[in-house]
Structure formats: C-alpha cells, structure tokens
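What follows is a set of notes on a single structure, which appears directly below.
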Amino acid sequence: MRTQVVIVGAGPAGLLLGALLAREGVDNVILEQRSAEYVLGRIRAGVLEQGAVAKLDQAGVGARLHREGLVHHGIEISHRGTRHRIDFQSLVGGSVVVYGQTEVTRDLMDARAKSGATTVYEAEDVSLHGFDGERPAVRYRHGGVAHEIACDFIAGCDGYHGVSRQSVPRAALTVHERVDPFGWLGVLVDRPPLSPELVYVSHERGFALCSMRSLTRSRYYIQCPADERVEDWSDERFWTELRRRLDEPANAALSTGPSIEKSIAPLRSFVAEPLRFGRLFLAGDAAHIVPPTGAKGLNLAASDVHYLAGALVDWYRRRDDDGLDDYSRRCLRRIWLAERFSWWMTSLLHRFPDTDSFGARMQEADLELLYSSRASQQSLAENYVGLPY
Ligand code: APR
Ligand code: PHB
C-alpha cells in the first residue's frame, strides 16, 4: 500500500491532522494500536481554546461542539473560603468552550468514517523505517497479517508512550522532564455542576477542581499523593475529602452521586526537542506533556497539528518546504509558553510535600497578587484562553 502521509495514533492529534490533510486533498492513513472503543473510553480534560475550536471548525467537525459546548467567560479561584473570579471577557476579551475531549474524539472519528479515509484500529507492532531518507515506510501487523505502507512523511501522533519518539536515535533528542510529587484523583458523576464556571481550589489539604462535561455531568478532582491507589477511594471517601477543601457556598451547591468513572492521573511536565527528524514529525503528547492544571494538553496538540498540516499542504501544493523546516521552532515556542503556564498554575494551587515556610509564603503572595492586580489577572486570562498561534 502507498499513501502520502502515515499518521501513527488516533488520539485527538492524529485524527485532527488526518481531517485537516484530507480536506486539502492530502491522502493519509491512520494506524492506531487500540480499538476505537478503547480510545473513546479515556477520560481527559475538556476545555478548548478559541484556536482549537477554529481548527475543529476548519476540519468540518464543529457543529455539535457549537451546539452542545458550554462557552465560559471566566474561571473562579477559591482560597481561604473566598471565591475570586477571573473574568476573561473584561480582561482579554476571550472565552473558552467546555466540551469533553471524548466528544471531540468521537466527532473526529465519525467524520473520518463518513469520509471513507483509512483508519486501521488494532494495528500491532507498528514500526517506522527510512524517515532519514526520501522514502519512509511504516510496517505493522493486523489480524496476524504483516503490512507495509510506503509514504512521503510520517506523523508521530502516538502519545507519550508511543513508538514514534522511541524510533528516533537517543542522541538526536533532548528531553526535559519534571514529575510532580502528587497526582489528581478524578471522579465523573451524572450530577449538575456546583457552579456555572470551573472552580480551582487552593486549600491546605491540597488542590481541588470542580469542572464539568455538560449541565448534567460534573468532573471533580482532588490532589492526592503520587502513590495513592484508586481502589482505596470509595465514592464516600472522595466526596468527604472534596467537601473539606470546598468553600461554604460550593459545599452547599455540591450534588454528589455514584461515580461513573474514577481514576488517578500523575502530573508531569515533559518536552522532547526537536520535533522533526528528516521525514518524521512528532505532534501532541508524543512530543510534550503538561500537567493538567492549565487544561493545555489538547490545545497544544491542536496548535502542533495546525503548523504541521499547513506545512505539509504547502509542500504538496508548491514543493515549498519552509513550513516543514520551521515546524519544530514554531511549535516549541508555543509549547514552552504552555509548559510555563501549566507549571505556574500547578505551583500556585497545589500543596508540595517539601515546601518550607518561605515557599508557602511565596505561594500566598502569588495568590494575593492575582486577587489585587489586574495585570496579574490579565496574564492568567491571556494564557488560559490561549496564546495566538
Ligand atoms: N502504534 C499505534 N498507535 C499508538 C501506538 C503505537 N505504537 N502507541 C500509542 N498509540 C496510540 C494510542 O493508543 C492513542 O490512541 O496513539 C494515540 C495517542 O493519543 P493521545 O495519547 O490522546 O495523544 P494526542 O493525540 O497527542 O493527545 C493530545 O489529548 O489525549 C489527550 O492527554 C492528551 O491532552 C492530550 C491531547
Ligand atoms: C476537566 O474538566 O477534566 C479539566 C478541566 C480543567 C482543567 C483540567 C481538567 O484544568
């Protein structure tokens, strides 16, 4: 088989890239190691920047998002029993759309299935070849049969644990990594959210977040030790701990119920540089991870894909390789800004096991600055709604 671009991974990055390329007449095949159901079973953040919404529109999958997504003009920060609102609208004139990543993925999968483009689910032993030359190829097994696809380019959209980054010689990669000494225990529940906007909670017992998927489904998180086991957290224990961290009005408004999903996610910052190796390009979680505090994971994948799709289309239209040559630099500029913001939000709101009294005071002062300074609020708002591409 032959195609123009082989995309490894059918997460949001791979599916969005596939859709943008197909719209511009660039043939592509997506190889995904899991089943579609498995991919849709993963619960992840659900806050979209305007830039990501624009990309989904461009990919032709924005209709349901505009119908069902919730437009939020601000967030709230709860600290010492008081709530402070960061008003995106008045600070920077922006907003975000709350729409679950699972739904984004479903919309992209449905559109792809309708378009007739090839997606191979349950592709085993995917391996990348020849990307340092002019004729790359990707091999895989499916249903016990070996296959090879010849292509012009390979897009590594296969997440943090994927094969693409691992196929690059070690010496060609520089890796920057920080693992936070705690995780987020998350619960999904079919109950209305406690507040119309997301509430980020800084509390002496640890961070908490009150988020939502819709007006009838909520997502709550609490900071927990990194080695915590989800089996040790009954629903009751979770709600009790969450209540301890919430302010009075939040507690009064909290509607609890049986969890429909419960999981623990580690917090990690990670960047692998560069993002291009000959004819292999990394995008999304394959190249970088942000801690979830700033809700940037999916949004960063969308900006990588924006640069990559544009560069590939220029190459196919005019054999113009400026975009491909500049891909890494353009992505990394925005990646590092998002890493900084996610790191800052994380440092501001969590309790760190080894913080001394000076560190604790710095955190308090940072929060005080945020409440009292419009410039500080503006900086948060500008980053939260998304820096320009
Ligand atoms: N072969 C084929 N597919 C693979 C392989 C492999 N060897 N390894 C991993 N994959 C698939 C995974 O099963 C997954 O479906 O690649 C996909 C990567 O998807 P994500 O992990 O969602 O990564 P990405 O698309 O970059 O997502 C960006 O969305 O999922 C979130 O946390 C993520 O917020 C981030 C954003
Ligand atoms: C979520 O809804 O899952 C969510 C929202 C905002 C974040 C992180 C996660 O910062």
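The values are calculated or read from the model by the stated rules, or taken from the named source; none is laboratory data. As the structure is a prediction and not an experimental result, all values here were calculated from the model. We place every Cβ from the backbone using ideal geometry, glycine too, and count neighbours over all the protein chains shown. Areas reflect the complete protein model, heavy atoms only, side chains present, ligands, DNA and RNA absent. Shrake-Rupley method; radii C 1.70, N 1.55, O 1.52, S 1.80 Å.
Name all residues of the range 209-238 having a backbone nitrogen under 11 Å from the label point set 7 Å from the Cα of Val179 along its Cα→Cβ direction, giving them as ranges.
226-227
Can you give me the angle between helix 322-349 and the longest principal axis of the chain, using Cα atoms only, in degrees from 0 to 90, rounded to the nearest 10?
20
Which lysines have a Cα lying under 26 Å from the Cα of Lys114, excluding residues fewer than 8 positions away in the same chain?
Correct list for Lys114: Lys55.
Roughly what % of DSSP beta bridges within the chain run antiparallel, to the nearest 5?
Just about 75 percent of them are antiparallel.
Would you mind pulling out the separation of the Cα centroids of the range 270-329 and the range 211-267, in Å?
Cα centroid of the range 270-329 versus Cα centroid of the range 211-267: 34 Å apart.
Using 0.36 nm per residue of separation minus the Cα-Cα distance, give me the extension gain between Ser115 and Asp232 in nm, one decimal.
37.6 nm
Roughly how many Å² is the accessible area per residue of the range 43-163, as a whole number, for a 1.4 Å probe?
With the other protein chains kept in place, the range 43-163 gives 45 Å² per residue.
On a 0 to 90 degree scale, rounded to 10, what angle separates helix 12-23 from the longest Cα axis of the chain?
Its long axis makes an angle of about 50 degrees.
Counting only protein heavy atoms, what percent of the accessible surface of the chain is carbon or sulfur at a 1.4 Å probe?
Result for the chain: 49 percent of the exposed heavy-atom area is carbon or sulfur.
Per residue, how much accessible area does the range 241-388 show when a 1.4 Å probe rolls over the protein heavy atoms, in square angstrom?
The answer is 42 Å² per residue.
So which GluC sites (Glu not before Pro) in the range 19-71 end up in coil per DSSP with only 15 or fewer other C-beta atoms within 10 Å?
The qualifying sites are Glu24.
Angle, helix 101-115 long axis vs. longest principal axis of the chain, Cα atoms, 0 to 90°, nearest 10?
For helix 101-115, the angle is close to 20 degrees.
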